[in-house]
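Quick notes on the structure that follows.
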Amino acid sequence: MRRVVTKIVDLIVADRRATVDTVVEAPTPLQPIDLTDDARVTEVLELAERVGEVVLASGTAVTDTKTQVEFIAATYGLSQCDIDVTYNAIRISADRGPTLPPATTMRVVNYRSLDFTRLAAVDRLTRRIRRELVPPDEAHAALDAITKAPHPYNRWVATFGWSLMAAAISLLLGGGALVAAVSFLTTASIDRVNRSLNRRGLLFFFQHLVGGAIATAPAILLATFGSHIEANASLIVAAGITVLLSGLSLVGAVEDAITGAPITGAARLLELMVMTGGIIAGVVLALRAATMLNAESPYIDIYSAALDIDSLALKIAAGAIASLAFALACYAEKRALAAAAISGAAATVCYLFAQYAGFGPVLSSAVAATVVGLAGGLMARRALTPPLVVAVAGITPLLPGLGVYRGLSALLNNQQLLGLNQLLSAVGISCALAAGVTLGEWCARFLRQPRILRRFQGIRRPSIGPGQ
């Protein structure tokens, strides 16, 4: 009897250990590399940096990137490493003992890429390295295959994703079928034009400026020549701004600032502000051109609520479609598409009911984002999909595109106080979204054996802007 009880206790302990997040602590390496072998040490450091490069380029925060790099190095025996991750560089210094000089290497990250399939593939490789202790040369070959593989979808599918997202956002904000159709076509034009400009090497700031102008032009035409048509043309601009904002690394920027990486956080926030300034400049130029040509600017009710609980089912569906479309535009896997849709629907429900309960837009955004971050963290613990995919896609429907346009409209109509209030509110909502996601992921790290996921018996392992 005593042996039976002991066996049961051992099984329970083993089961609990199996549910712990795989990247919290690296396993003890079975065959550590020889620290005196410079070639082998360099090979491991290069592997760790390349994994960190993919993760960082996808918009992951510095702390999570550092954890991934440290995990890879420790798995192969380099447990004493000083790792410095900044906005566009990864540096590693491995301590090899008192008799050997430290091995130091650096890698510069020269690109930003929202490819969620690549991010998930790297996460699965990391988990495989943990389970099997893959030889470094084999891990390098697998990583080469991941980074050199083409996107899983055609570029026109990504364009369709951005366009569908704009149409869903316009429906979420209360627009009708005509507004959704125009938003769809407008965003498709933005994406194709910006892709062409990107191939010619135009800087991203000017690409966002062009995108803002293109997003505003159809709304001006509809307001000028469609006076007999009942359609809120301003929602076309709001949807276009939301799509352009969704391609920026908002979550990573704020998470860096919160989690103790102020230099990288400041750099990312500065880039975010500059790119947002490009969007604003494009919208302003288009509205000024309309004024000079005696055309009508899209009218917007500055005092109306951005979201309400009217047509609740339609808005929940629109939130889910917007998140799914964003994930599709970022080349997410089929598993991640479903997770993104659920995340978007949950965020929309939480936001709407928080608003109905009397919370303001900033606090409502924080509540919704916290739920999304928690869900993303729990899915990552069970190796379903990377938390960044769920988080970024889930908060996409709540990005303050309408608030940005309201602020600009007020400023252009000599309502400076009201305009600044709207713009500061948009900034507050953006920070609340990113902070809520960070808090939700932090909470997920301390939950053990989330029972709700046991119902998904069929889901098993494997495990982590337009025109660009």
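The values are calculated or read from the model by the stated rules, or taken from the named source; none is laboratory data. All figures in this text were calculated on a predicted structure; none of them were measured in a lab. FYI the Cβ positions are ideal-geometry reconstructions off the backbone, even for glycines, and counts take in every protein chain you see. Just so you know, the surface numbers come from the protein's heavy atoms only, side chains and all, with ligands and any DNA or RNA stripped out. Shrake-Rupley method; radii C 1.70, N 1.55, O 1.52, S 1.80 Å.
Share of region 334-383's accessible area from carbon and sulfur, percent, 1.4 Å? Mind showing how you got there, number by number?
Values: 1460 of 1900 Å².
That fraction is 77 percent.
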Problem set entry | Area of Asp84 that stays accessible when all protein chains are in place (1.4 Å probe, Å², to 10) | 70
Exercise. So what is the accessible area of region 389-448 per residue, in Å², with the probe set to 1.4 Å?
Worked result: 39
Exercise. Residues of region 160-203: accessible area per residue at 1.4 Å, in Å²?
Worked result: 40
Problem set entry | Highest-first arrangement of 147-156, 51-60, 408-417, where packing means the average Cβ count within 10 Å | 51-60, 408-417, 147-156
Problem set entry | Mean separation of Cα contacts under 8 Å, 6 or more apart, over the residue count of region 156-310: relative contact order % | 29
Problem set entry | Kirkwood Rh and Cα Rg combined as Rg over Rh, evaluated for region 71-205 | 1.14
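Subtract the Cα-Cα distance of Phe446 and Thr42 from 0.36 nm times their separation in residues, and report this length gain in nm to one decimal. Numbers along the way, then the final one.
Numbers: separation 404, 0.36 × 404 = 145.44 nm, distance 3.49 nm.
Once the chain is fully extended between Phe446 and Thr42, it gains 142.0 nm.
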Seminar exercise, completed: Computed ³J(HN,Hα) along region 267-275: with the Karplus parameters 6.51/-1.76/1.60, θ = phi - 60°, integer Hz and x for glycine or proline, the list is 5, 5, 5, 5, 4, 4, 5, 5, 5
Problem set entry | Rounded accessible area of Glu43 (nearest 10 Å², 1.4 Å probe) | 40
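In what sequence, largest accessible area first, do Ile146, Ile241 appear using a 1.4 Å probe? Don't jump to the answer; show the numbers that get you there.
Working: Ile146 30, Ile241 5 Å².
If we order Ile146, Ile241 from most to least accessible, we get Ile146, Ile241.
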Exercise. Counting alpha carbon pairs within less than 8 Å and at least 6 residues apart, what relative contact order, in whole percent, applies to region 233-286?
Worked result: 30
Seminar exercise, completed: Expected field for Thr36, accessible surface area in Å² at 1.4 Å probe radius, rounded to 10, holds 90
Exercise. Carbon and sulfur atoms: what percent of the 1.4 Å accessible area of region 215-296 do they account for?
Worked result: 69
For this session: Just reorder Asp95, Asp115, Asp64 by solvent-accessible area, largest first, 1.4 Å probe, all chains present.
Result: Asp95, Asp64, Asp115
